[in-house]
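Let me begin by presenting the structure, written as structure tokens, before commenting on it.
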Amino acid sequence: MRGAVFMVTNEANTTIDALDQVSHLFKLMGHPKRLQLLYLLIQQSMTVSQISERLKWEQSAVSHQLQVLRKYQIVERVKHGRQVVYRLVDPLVMGIIADVVNEIRK
């Protein structure tokens, strides 16, 4: 458009910040192993050894992915005596994954 001027406003900066967060969330969920792990934790809370057994990964790989997800507060760990159980706590992540999986299954 002739004569139009693009102005960066606080609202535009807020939108850019929000889109950066969306991009980061998609990067976290876009890692194939992390996505498998998240999908498993949607179904039930589990220990590292249970996750390792179900996904057939080394426990160190499971622990690493869980550490990344904990850093961004997507999963949390809960101690039950000597046992540590991980659970998915971000409802947005749960919804996105469940919705996409359900759409693909149609």
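Points worth noting:
- For Kirkwood radius over Cα pairs in Å, calculated from these coordinates, the label among (1) 15.1; (2) 14.2; (3) 15.8: (3)
- Taking 20 °C and 1.002 mPa s as conditions, segment 28-75 diffuses translationally at an estimated 203 µm²/s according to Stokes-Einstein applied to its Kirkwood radius (Cα pairs).
- Applying both filters, DSSP loop and at most 13 other Cβ atoms within 10 Å, to the GluC sites (Glu not before Pro) of segment 6-106 gives Glu58.
- Segment 44-91 versus segment 16-31: alpha-carbon centroid distance in Å: 21 Å
Every read-out reported here was derived from the displayed coordinates using simple, explicitly stated rules and does not represent laboratory data. Just so it is clear, the structure is predicted and the values come from calculations on it, not from any experiment. Backbone-built Cβ (ideal geometry, glycine too); neighbour counts: all protein chains shown.
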